[in-house]
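Undergrad: Before anything else, here's the structure in question.
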Amino acid sequence: MSRRQLAMVMDLNKCLGCQTCTSACKTQWTNRRGRDDMLWNHVETQPGRGYPRDWRGSGGGFDGAGRLRPGRIPDRARDYGAPFEVNHAQALNPLGALARPTAPHLGPDTPPSFGPGWDEDQGAGAYPNSWFFYLPRICNHCTNPACLAACPRGAIYKRDEDGIVLVDQKRCRGYQHCIGACPYKKVYFNPTFGRSEKCILCYPRVERGLAPACAQQCPGRIRFVGYLDDEAGAVHALVTRWRVALPLHAEFGTGPNVYYVPPLSPDKLDDQGRPTGERRIPDAFLVELFGPRAPEVLGVLQAEREKRRRGEPSALMDLLIAYRHDEMFRVSRRKGAT
Ligand code: SF4
Ligand code: SF4
Ligand code: SF4
(Lines give C-alpha, C1' and ligand atoms only; values in the text may rest on other atoms or scores of the structure.)
(Ligands and ions follow the chains in the order given, each with its own letter.)
Protein backbone atom coordinates (compact mmCIF):
# COMPACT_ATOMS: atom_id res chain seq x y z
CA MET A 1 0.00 0.00 0.00
CA SER A 2 1.08 3.56 -0.59
CA ARG A 3 1.21 6.20 2.14
CA ARG A 4 -1.50 8.24 0.37
CA GLN A 5 -3.82 7.47 -2.50
CA LEU A 6 -4.96 9.86 -5.20
CA ALA A 7 -8.37 8.74 -6.45
CA MET A 8 -11.01 9.71 -8.99
CA VAL A 9 -14.80 9.65 -8.65
CA MET A 10 -16.92 9.68 -11.80
CA ASP A 11 -20.63 10.54 -11.58
CA LEU A 12 -22.22 8.42 -14.30
CA ASN A 13 -25.42 10.46 -14.09
CA LYS A 14 -23.62 13.31 -15.81
CA CYS A 15 -21.53 11.61 -18.51
CA LEU A 16 -22.43 12.83 -22.03
CA GLY A 17 -20.45 10.19 -23.92
CA CYS A 18 -18.71 13.03 -25.76
CA GLN A 19 -15.21 11.45 -25.58
CA THR A 20 -13.61 14.81 -24.83
CA CYS A 21 -11.72 12.99 -22.08
CA THR A 22 -10.50 10.43 -24.62
CA SER A 23 -9.23 13.18 -26.93
CA ALA A 24 -7.65 15.08 -24.04
CA CYS A 25 -5.62 12.03 -23.05
CA LYS A 26 -4.87 10.91 -26.59
CA THR A 27 -3.55 14.26 -27.76
CA GLN A 28 -1.52 14.72 -24.60
CA TRP A 29 0.06 11.28 -24.19
CA THR A 30 -0.63 8.66 -26.88
CA ASN A 31 -0.79 10.24 -30.32
CA ARG A 32 2.67 9.14 -31.33
CA ARG A 33 4.55 6.01 -32.46
CA GLY A 34 3.08 2.60 -31.76
CA ARG A 35 0.07 3.87 -29.85
CA ASP A 36 -2.71 3.58 -32.44
CA ASP A 37 -4.91 1.26 -30.38
CA MET A 38 -3.91 2.75 -27.06
CA LEU A 39 -6.69 4.52 -25.23
CA TRP A 40 -5.56 5.16 -21.68
CA ASN A 41 -8.95 6.82 -21.27
CA HIS A 42 -11.95 5.63 -23.22
CA VAL A 43 -15.72 5.76 -22.79
CA GLU A 44 -17.74 2.65 -23.55
CA THR A 45 -21.48 2.10 -23.76
CA GLN A 46 -22.91 -0.35 -21.26
CA PRO A 47 -24.34 -2.86 -21.71
CA GLY A 48 -21.84 -3.56 -24.46
CA ARG A 49 -18.68 -5.44 -25.25
CA GLY A 50 -16.45 -2.60 -24.15
CA TYR A 51 -12.84 -1.96 -25.12
CA PRO A 52 -10.91 -4.10 -25.64
CA ARG A 53 -13.66 -6.44 -26.73
CA ASP A 54 -15.20 -8.44 -23.85
CA TRP A 55 -12.63 -7.21 -21.31
CA ARG A 56 -14.96 -8.08 -18.42
CA GLY A 57 -14.53 -11.79 -19.19
CA SER A 58 -10.83 -11.66 -19.97
CA GLY A 59 -9.58 -12.96 -16.60
CA GLY A 60 -6.78 -11.55 -14.51
CA GLY A 61 -6.94 -10.05 -11.03
CA PHE A 62 -6.79 -12.21 -7.90
CA ASP A 63 -8.80 -15.17 -6.63
CA GLY A 64 -10.24 -15.38 -3.11
CA ALA A 65 -6.94 -16.71 -1.77
CA GLY A 66 -4.99 -13.76 -3.17
CA ARG A 67 -3.43 -15.74 -6.03
CA LEU A 68 -3.14 -14.21 -9.49
CA ARG A 69 -5.88 -15.52 -11.78
CA PRO A 70 -4.86 -16.36 -15.36
CA GLY A 71 -5.78 -13.65 -17.82
CA ARG A 72 -5.98 -13.32 -21.58
CA ILE A 73 -3.87 -10.86 -23.58
CA PRO A 74 -6.24 -9.17 -26.05
CA ASP A 75 -5.67 -9.99 -29.70
CA ARG A 76 -4.56 -6.90 -31.56
CA ALA A 77 -6.86 -7.23 -34.59
CA ARG A 78 -9.82 -9.03 -33.01
CA ASP A 79 -10.11 -7.35 -29.59
CA TYR A 80 -8.77 -3.84 -30.20
CA GLY A 81 -9.67 -3.74 -33.89
CA ALA A 82 -6.94 -2.86 -36.36
CA PRO A 83 -6.73 0.95 -36.58
CA PHE A 84 -9.00 1.96 -39.46
CA GLU A 85 -9.08 5.05 -41.58
CA VAL A 86 -11.91 7.43 -42.28
CA ASN A 87 -11.94 9.45 -45.47
CA HIS A 88 -12.41 12.76 -43.69
CA ALA A 89 -12.09 14.88 -46.82
CA GLN A 90 -14.94 13.10 -48.50
CA ALA A 91 -17.03 12.76 -45.37
CA LEU A 92 -16.90 16.53 -44.91
CA ASN A 93 -17.54 17.19 -48.61
CA PRO A 94 -20.12 14.65 -49.84
CA LEU A 95 -20.34 16.36 -53.24
CA GLY A 96 -16.64 15.75 -53.82
CA ALA A 97 -14.99 12.85 -55.63
CA LEU A 98 -16.58 9.47 -54.84
CA ALA A 99 -13.33 7.58 -55.25
CA ARG A 100 -13.39 6.09 -51.77
CA PRO A 101 -16.18 5.15 -49.40
CA THR A 102 -16.86 7.42 -46.47
CA ALA A 103 -17.27 4.44 -44.12
CA PRO A 104 -14.27 3.47 -41.99
CA HIS A 105 -12.03 1.02 -43.83
CA LEU A 106 -8.83 -0.98 -43.47
CA GLY A 107 -8.20 -1.16 -47.20
CA PRO A 108 -10.20 -0.59 -50.41
CA ASP A 109 -12.64 -3.47 -49.75
CA THR A 110 -12.02 -4.31 -46.13
CA PRO A 111 -14.49 -2.96 -43.61
CA PRO A 112 -13.39 -3.13 -39.97
CA SER A 113 -15.05 -5.68 -37.68
CA PHE A 114 -14.32 -4.03 -34.36
CA GLY A 115 -12.87 -0.89 -32.82
CA PRO A 116 -13.25 1.47 -29.87
CA GLY A 117 -16.84 2.67 -29.51
CA TRP A 118 -18.01 -0.15 -31.78
CA ASP A 119 -21.36 -0.67 -30.06
CA GLU A 120 -21.76 2.93 -28.95
CA ASP A 121 -25.34 3.87 -27.98
CA GLN A 122 -26.76 0.44 -28.87
CA GLY A 123 -27.64 -0.62 -25.32
CA ALA A 124 -30.38 -3.11 -24.52
CA GLY A 125 -34.15 -3.45 -24.26
CA ALA A 126 -36.97 -2.50 -26.60
CA TYR A 127 -38.69 0.85 -27.03
CA PRO A 128 -39.98 2.48 -24.84
CA ASN A 129 -37.87 0.66 -22.28
CA SER A 130 -34.52 0.62 -24.05
CA TRP A 131 -31.56 1.76 -21.96
CA PHE A 132 -27.82 2.33 -21.88
CA PHE A 133 -25.30 4.48 -20.07
CA TYR A 134 -21.73 5.56 -20.60
CA LEU A 135 -18.85 4.07 -18.62
CA PRO A 136 -15.60 6.05 -18.85
CA ARG A 137 -12.57 3.96 -17.93
CA ILE A 138 -8.96 4.67 -17.04
CA CYS A 139 -6.40 2.63 -15.07
CA ASN A 140 -7.70 2.28 -11.50
CA HIS A 141 -4.28 2.83 -9.88
CA CYS A 142 -5.18 -0.12 -7.71
CA THR A 143 -4.16 -0.58 -4.09
CA ASN A 144 -3.14 -4.15 -4.97
CA PRO A 145 -2.26 -3.95 -8.67
CA ALA A 146 -2.34 -7.29 -10.50
CA CYS A 147 -0.19 -5.78 -13.26
CA LEU A 148 2.54 -5.13 -10.71
CA ALA A 149 2.26 -8.58 -9.13
CA ALA A 150 2.55 -10.29 -12.51
CA CYS A 151 5.66 -8.48 -13.74
CA PRO A 152 8.74 -10.72 -13.40
CA ARG A 153 11.03 -7.75 -14.03
CA GLY A 154 9.73 -5.60 -11.18
CA ALA A 155 9.15 -2.93 -13.80
CA ILE A 156 5.80 -1.78 -12.41
CA TYR A 157 5.73 0.25 -9.23
CA LYS A 158 3.28 2.17 -7.08
CA ARG A 159 4.38 5.57 -5.85
CA ASP A 160 4.34 5.92 -2.10
CA GLU A 161 3.34 9.59 -2.07
CA ASP A 162 0.18 9.32 -4.20
CA GLY A 163 -0.40 5.66 -5.13
CA ILE A 164 0.04 6.27 -8.87
CA VAL A 165 0.98 3.01 -10.67
CA LEU A 166 3.65 3.40 -13.33
CA VAL A 167 5.66 1.22 -15.74
CA ASP A 168 9.41 1.83 -15.61
CA GLN A 169 10.18 1.92 -19.33
CA LYS A 170 13.85 1.14 -18.72
CA ARG A 171 13.09 -2.09 -16.85
CA CYS A 172 10.16 -3.29 -19.01
CA ARG A 173 11.09 -5.98 -21.54
CA GLY A 174 7.65 -6.27 -23.14
CA TYR A 175 6.73 -9.71 -21.76
CA GLN A 176 3.10 -8.48 -21.46
CA HIS A 177 2.28 -10.50 -18.33
CA CYS A 178 0.86 -7.26 -16.90
CA ILE A 179 -1.61 -6.98 -19.77
CA GLY A 180 -3.13 -10.40 -19.15
CA ALA A 181 -3.07 -9.89 -15.37
CA CYS A 182 -4.95 -6.58 -15.35
CA PRO A 183 -8.62 -7.57 -15.15
CA TYR A 184 -9.59 -4.14 -16.54
CA LYS A 185 -7.23 -4.54 -19.53
CA LYS A 186 -5.79 -1.12 -18.94
CA VAL A 187 -2.18 -1.87 -19.88
CA TYR A 188 -1.35 -1.66 -23.58
CA PHE A 189 1.57 -2.97 -25.60
CA ASN A 190 3.59 -0.61 -27.74
CA PRO A 191 4.89 -2.70 -30.68
CA THR A 192 7.23 0.05 -31.84
CA PHE A 193 9.18 0.15 -28.59
CA GLY A 194 8.36 -3.39 -27.36
CA ARG A 195 7.19 -2.01 -24.00
CA SER A 196 3.98 -1.90 -21.98
CA GLU A 197 2.39 1.49 -21.39
CA LYS A 198 -0.58 2.68 -19.37
CA CYS A 199 -2.37 5.69 -17.86
CA ILE A 200 0.04 7.68 -15.70
CA LEU A 201 -2.72 9.59 -13.90
CA CYS A 202 -1.14 12.62 -15.51
CA TYR A 203 1.55 12.69 -12.80
CA PRO A 204 3.50 15.51 -14.50
CA ARG A 205 0.35 17.65 -14.23
CA VAL A 206 -0.45 16.46 -10.71
CA GLU A 207 3.07 17.35 -9.57
CA ARG A 208 2.37 20.92 -10.69
CA GLY A 209 -0.96 21.01 -8.85
CA LEU A 210 -3.04 20.49 -12.01
CA ALA A 211 -5.87 17.99 -12.42
CA PRO A 212 -5.46 15.08 -14.89
CA ALA A 213 -6.29 16.19 -18.43
CA CYS A 214 -9.28 13.86 -18.82
CA ALA A 215 -10.85 15.33 -15.67
CA GLN A 216 -9.96 18.95 -16.36
CA GLN A 217 -11.43 18.86 -19.88
CA CYS A 218 -14.65 16.99 -19.06
CA PRO A 219 -17.58 19.23 -20.09
CA GLY A 220 -20.02 17.10 -18.11
CA ARG A 221 -18.04 17.82 -14.92
CA ILE A 222 -18.39 14.20 -13.91
CA ARG A 223 -14.86 13.69 -12.51
CA PHE A 224 -13.66 14.58 -9.04
CA VAL A 225 -9.99 14.06 -8.20
CA GLY A 226 -8.39 14.09 -4.77
CA TYR A 227 -6.78 12.09 -1.99
CA LEU A 228 -8.91 9.54 -0.19
CA ASP A 229 -7.69 10.82 3.19
CA ASP A 230 -8.35 14.50 2.42
CA GLU A 231 -11.39 15.03 4.60
CA ALA A 232 -12.08 18.45 3.10
CA GLY A 233 -12.27 17.07 -0.44
CA ALA A 234 -15.18 15.89 -2.57
CA VAL A 235 -13.57 12.49 -3.22
CA HIS A 236 -13.42 11.70 0.49
CA ALA A 237 -16.98 12.98 0.94
CA LEU A 238 -18.42 10.85 -1.87
CA VAL A 239 -16.46 7.67 -1.11
CA THR A 240 -16.32 7.66 2.68
CA ARG A 241 -18.90 10.06 4.11
CA TRP A 242 -21.83 9.70 1.71
CA ARG A 243 -20.68 6.25 0.49
CA VAL A 244 -22.31 6.83 -2.92
CA ALA A 245 -19.20 6.14 -5.03
CA LEU A 246 -18.42 2.49 -5.71
CA PRO A 247 -15.49 0.67 -7.33
CA LEU A 248 -15.96 -1.22 -10.58
CA HIS A 249 -15.82 -5.01 -10.26
CA ALA A 250 -14.31 -4.96 -6.77
CA GLU A 251 -14.45 -8.77 -6.83
CA PHE A 252 -11.44 -8.74 -9.20
CA GLY A 253 -9.46 -8.22 -6.00
CA THR A 254 -7.14 -5.37 -7.03
CA GLY A 255 -8.61 -2.60 -4.86
CA PRO A 256 -9.45 -0.08 -7.59
CA ASN A 257 -9.15 3.63 -6.76
CA VAL A 258 -11.48 4.93 -9.44
CA TYR A 259 -15.03 5.09 -8.07
CA TYR A 260 -18.38 5.52 -9.79
CA VAL A 261 -21.65 7.11 -8.72
CA PRO A 262 -24.06 4.64 -10.37
CA PRO A 263 -26.63 5.92 -12.87
CA LEU A 264 -30.26 6.50 -11.94
CA SER A 265 -32.81 5.86 -14.68
CA PRO A 266 -36.47 6.67 -15.32
CA ASP A 267 -39.21 4.16 -14.58
CA LYS A 268 -40.01 1.40 -17.04
CA LEU A 269 -43.34 1.97 -18.78
CA ASP A 270 -46.12 -0.62 -19.09
CA ASP A 271 -48.00 -1.26 -22.34
CA GLN A 272 -50.29 1.66 -21.55
CA GLY A 273 -47.32 3.97 -21.13
CA ARG A 274 -47.70 4.16 -17.35
CA PRO A 275 -44.63 4.16 -15.03
CA THR A 276 -44.20 0.79 -13.35
CA GLY A 277 -42.07 1.87 -10.40
CA GLU A 278 -39.22 -0.32 -11.66
CA ARG A 279 -36.00 1.40 -12.78
CA ARG A 280 -35.23 1.05 -16.48
CA ILE A 281 -31.59 0.10 -15.92
CA PRO A 282 -31.90 -3.27 -14.16
CA ASP A 283 -30.50 -3.22 -10.62
CA ALA A 284 -29.01 -6.67 -11.30
CA PHE A 285 -26.77 -5.23 -14.01
CA LEU A 286 -25.55 -2.42 -11.76
CA VAL A 287 -24.88 -4.95 -8.98
CA GLU A 288 -22.82 -6.95 -11.47
CA LEU A 289 -20.68 -3.88 -12.19
CA PHE A 290 -20.63 -2.00 -8.89
CA GLY A 291 -21.42 -4.62 -6.26
CA PRO A 292 -24.30 -5.32 -3.89
CA ARG A 293 -24.55 -1.77 -2.52
CA ALA A 294 -25.58 -0.29 -5.89
CA PRO A 295 -29.38 -0.33 -5.20
CA GLU A 296 -28.86 1.22 -1.77
CA VAL A 297 -26.79 4.02 -3.35
CA LEU A 298 -29.49 4.63 -5.96
CA GLY A 299 -31.98 4.93 -3.10
CA VAL A 300 -29.84 7.63 -1.44
CA LEU A 301 -29.46 9.54 -4.73
CA GLN A 302 -33.19 9.34 -5.39
CA ALA A 303 -34.07 10.56 -1.89
CA GLU A 304 -31.66 13.50 -2.12
CA ARG A 305 -32.96 14.37 -5.57
CA GLU A 306 -36.53 14.37 -4.23
CA LYS A 307 -35.46 16.77 -1.49
CA ARG A 308 -34.27 19.24 -4.09
CA ARG A 309 -37.50 18.80 -6.03
CA ARG A 310 -39.38 19.82 -2.88
CA GLY A 311 -37.15 22.88 -2.59
CA GLU A 312 -35.23 21.55 0.41
CA PRO A 313 -31.44 21.72 0.67
CA SER A 314 -29.30 18.71 -0.22
CA ALA A 315 -25.58 18.86 0.46
CA LEU A 316 -25.07 15.71 -1.65
CA MET A 317 -26.81 17.15 -4.72
CA ASP A 318 -24.82 20.39 -4.34
CA LEU A 319 -21.63 18.36 -4.22
CA LEU A 320 -22.53 16.29 -7.29
CA ILE A 321 -23.71 19.28 -9.31
CA ALA A 322 -20.24 20.78 -8.76
CA TYR A 323 -21.11 24.46 -9.09
CA ARG A 324 -17.44 25.41 -8.89
CA HIS A 325 -15.16 23.56 -11.27
CA ASP A 326 -12.00 24.23 -9.29
CA GLU A 327 -13.52 22.63 -6.18
CA MET A 328 -13.69 19.28 -8.00
CA PHE A 329 -9.91 18.89 -7.92
CA ARG A 330 -7.65 18.76 -4.86
CA VAL A 331 -4.44 17.27 -6.18
CA SER A 332 -1.77 19.12 -4.24
CA ARG A 333 0.29 16.69 -2.17
CA ARG A 334 0.20 18.87 0.92
CA LYS A 335 -2.44 17.47 3.22
CA GLY A 336 -5.38 19.88 3.53
CA ALA A 337 -4.23 22.04 0.59
CA THR A 338 -6.11 22.28 -2.70
FE1 SF4 B 1 -2.68 -2.30 -12.87
FE2 SF4 B 1 -4.94 -2.72 -14.16
FE3 SF4 B 1 -5.03 -1.90 -11.63
FE4 SF4 B 1 -4.25 -0.22 -13.53
S5 SF4 B 1 -6.27 -1.14 -13.35
S6 SF4 B 1 -3.21 -0.58 -11.55
S7 SF4 B 1 -3.20 -1.58 -14.94
S8 SF4 B 1 -4.24 -3.85 -12.36
FE1 SF4 C 1 -4.89 9.93 -19.64
FE2 SF4 C 1 -4.11 11.44 -17.60
FE3 SF4 C 1 -6.65 10.62 -17.75
FE4 SF4 C 1 -4.70 8.84 -17.25
S5 SF4 C 1 -5.36 10.54 -15.92
S6 SF4 C 1 -6.41 8.59 -18.68
S7 SF4 C 1 -2.99 9.70 -18.43
S8 SF4 C 1 -5.60 12.02 -19.18
FE1 SF4 D 1 -18.17 11.69 -20.16
FE2 SF4 D 1 -16.71 13.78 -19.41
FE3 SF4 D 1 -15.63 11.93 -20.99
FE4 SF4 D 1 -17.53 13.58 -21.97
S5 SF4 D 1 -15.48 14.17 -21.23
S6 SF4 D 1 -17.39 11.35 -22.24
S7 SF4 D 1 -18.82 13.84 -20.17
S8 SF4 D 1 -16.32 11.63 -18.87
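The values are calculated or read from the model by the stated rules, or taken from the named source; none is laboratory data. Keep in mind it's a predicted model, so treat the numbers as computed, not measured. Note: ideal-geometry Cβ built from the backbone for every residue, glycine included; neighbour counts use all protein chains shown. Protein only, heavy atoms only, side chains kept; ligands, DNA and RNA dropped before computing areas. Shrake-Rupley method; radii C 1.70, N 1.55, O 1.52, S 1.80 Å.
Undergrad: Determine the pairs where a residue that is within 24 Å of VAL244 (Cα to Cα), located within segment 13-32, has a partner that is near ligand 3 (Cβ under 10 Å from one of its atoms) and assigned to a helix (DSSP H, G or I) with Cβ atoms under 6 Å apart, the partner being 6 or more residues away or on another chain.
TA: Filtered contacts from segment 13-32: CYS21/CYS214.
Undergrad: Is one or more of the residues making up segment 138-145 over 21 Å from TYR51 (Cβ atoms) and hydroxyl-bearing (Ser, Thr, Tyr)?
TA: yes
Undergrad: I would also like to ask the following. Test GLY209 against the stated conditions and say whether it is open to solvent by 10 Å² or more (accessible area, probe 1.4 Å), touching a residue at least 12 places away in the same chain (Cβ under 8 Å), within 18 Å of the chain's Cα centre (by Cα) and away from ligand 3 (no atom under 16 Å from the Cβ).
TA: Answer is no for this residue.
Results for (1) open to solvent by 60 Å² or more (accessible area, probe 1.4 Å); (2) away from ligand 1 (no atom under 14 Å from the Cβ); (3) of a type outside the set (Phe, Trp, Tyr), shown as yes or no for each residue.
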| site | (1), (2), (3) |
| --- | --- |
| GLN5 | no, no, yes |
| MET8 | no, no, yes |
| ASP11 | no, yes, yes |
| LYS14 | no, yes, yes |
| CYS21 | no, yes, yes |
| ALA24 | no, yes, yes |
| THR27 | yes, yes, yes |
| THR30 | no, yes, yes |
| MET38 | no, no, yes |
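Undergrad: Would you be able to tell me the number of residues in segment 163-206 that are among the aromatic types (Phe, Trp, Tyr) and either open to solvent by less than 10 Å² (accessible area, probe 1.4 Å) or at pLDDT below 95 (or both)?
TA: Summing the residues that are among the aromatic types (Phe, Trp, Tyr) and either open to solvent by less than 10 Å² (accessible area, probe 1.4 Å) or at pLDDT below 95 (or both) in segment 163-206 gives 2.
Undergrad: Here is a follow-up. Among the listed residues ARG56, ARG49, identify the single one that is within 16 Å of the chain's Cα centre (by Cα), open to solvent by 40 Å² or more (accessible area, probe 1.4 Å) and within 16 Å of ligand 1 (Cβ to nearest atom).
TA: Going through ARG56, ARG49 in turn, just one is within 16 Å of the chain's Cα centre (by Cα), open to solvent by 40 Å² or more (accessible area, probe 1.4 Å) and within 16 Å of ligand 1 (Cβ to nearest atom): ARG56.
Undergrad: Taking LYS170 as the residue in question, decide whether it is closer than 23 Å to ASP54 by Cα, in a loop (DSSP other than H, G, I, E, B) and charged (D, E, K, R).
TA: No, not satisfied.
Undergrad: I would also like to ask the following. Out of the residues in segment 261-276 that are in contact with an Asp or Glu (Cβ under 8 Å, 6 or more places away or on another chain) and of a type outside the set (A, V, I, L, M, F, W, C), which is nearest to ARG305 (Cα to Cα)?
TA: ASP267
Undergrad: Continuing with this model, one more query. Determine whether segment 267-289 contains at least one residue that is open to solvent by 70 Å² or more (accessible area, probe 1.4 Å) and in a helix (DSSP H, G or I).
TA: Yes: segment 267-289 contains one or more residues that are open to solvent by 70 Å² or more (accessible area, probe 1.4 Å) and in a helix (DSSP H, G or I).
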